[in-house]
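Since every read-out is calculated from the coordinates, none of them should be taken as a lab result. What you are looking at is a predicted structure, and each value in this text was computed from that prediction instead of being measured. Reconstructed Cβ throughout: ideal geometry from the backbone, glycine too, with neighbour counts over all protein chains shown.
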Amino acid sequence: MTASFEFFPPRTDAAWNEFVASLPEFEALQPSFVSVTYGAGGSTRDRTDALVTRLATDTTLAPVPHLTCVGHSTAEINQILQAYA
């Protein structure tokens, strides 16, 4: 069976710390991947970037970031994609 989770980046530092502390519980379930949302209009872009990086470097989870292209230039999209590569 294939399973995945969708994560919404926490908006506050307290929620962030609580979420990060729960990551081992998600790892134990061995999902195929986890998706990370990207706020409408890029409102949570910094938190999305931080979460994707954290998942990729500090966990066994495979992050699949959402990307909202509205409101970004081609150069910005290319920069974001390079950061996630």
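At a glance:
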{"read-out": "Theoretical ellipticity at 222 nm over the chain - DSSP helices of four or more residues, -39500 (n - 2.57) apiece, nearest 500", "value": "-15500 deg cm²/dmol"}
{"read-out": "Dipole magnitude (debye, nearest 20) for the chain, charges at Cβ of Lys, Arg, Asp, Glu", "value": "180"}
{"read-out": "Extreme residue, positive dipole direction of the chain, given options Ala50, Phe26, His72 (C-beta unit charges)", "value": "His72"}
{"read-out": "Percent breakdown of C-alpha pair distances by 10 Å bin, ordered from the shortest bin, for the stretch 39-85", "value": "26, 56, 17, 1"}
{"read-out": "Amide proton proximity set for Val64, modelled H, under 5 Å, gap of 5+", "value": "Val34, Ser35, Val36"}
{"read-out": "Solution diffusion estimate, µm²/s, Stokes-Einstein, the chain, Kirkwood Rh from C-alpha pairs, 25 °C, viscosity 0.890 mPa s", "value": "183"}
